[in-house]
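The structure appears below as structure tokens.
What follows is calculated from the coordinates using simple rules that are stated; it is not laboratory data. Not measured: the values here are computed from a predicted model. Neighbour counts run over all protein chains shown; Cβ positions are idealised from the backbone, glycine included.
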Amino acid sequence: MESSNDLHPSFVSPFSDNQARAYEIDYQVPVEYQMGMQIREKLPQVNFSTLNEDTLFFLFYLFGNDYVQLSAATELYKRDWRYHKEERLWLTRIKNIMPDHKYDTYETGVYCVFDVQLWRKTHKSMRIDYDKLDGKNLKLFFFLFLIYLFFYYINRSSIETTTRFTYIEISSTTICACYIV
């Protein structure tokens, strides 16, 4: 314990029997390996409205924590797919089939669900609590992510900057965004 060397990077705690998972380990990726950031402006823009649903699911799960994931989620939302936060799956109503029971806070019925393990759409009977569905604030999250990207690119440049503030209202939520000119 008195060694100056770091412990193994997957060591969590002396009280834990499990190792840290890969996504729990904080590490810095060298700039040389971040090719997406370097060539992003040179690539043509993807028109997500022309992609089929299987491709959108692929992009959503492949590009985690990226604007591609948010764009794919936005397009799935436009196509009446909803993300269930607790079950961690995408679902939609089956065409021409109404829910068995519909109440103010939830509904029950058979839904079309995208199964990530099987990588196909299946039918599942379930109860859907409306507050457990994501998607209402998707545009807000997308906007905040764009602000994050903006700050990321600005901080990488060595241009002399001044700070300005702007207030943006999105669906009755006011956001104070600081941008650098």
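Residue by residue, region 105-111 carries 3J(HN,Hα) couplings of 10, 7, 8, 10, x, 9, 10 Hz when phi is fed to the Karplus relation 6.51 cos²θ - 1.76 cosθ + 1.60 (θ = phi - 60°); x denotes Gly or Pro.
For region 43-130, the list of chymotrypsin sites (Phe, Trp or Tyr not before Pro) that fall in a loop by DSSP and count at most 14 other C-beta atoms within 10 angstrom reads TYR103, TRP119.
Each of SER71, SER49 was scored by other Cβ atoms within 10 Å of its Cβ. Listed from fewest to most, they are SER49, SER71.
Of the listed pairs LYS78/LYS124; LYS78/LYS102; LYS42/LYS121, which have alpha-carbon separations greater than 24 Å here? Violating the 24 Å Cα-Cα cut-off are LYS42/LYS121.
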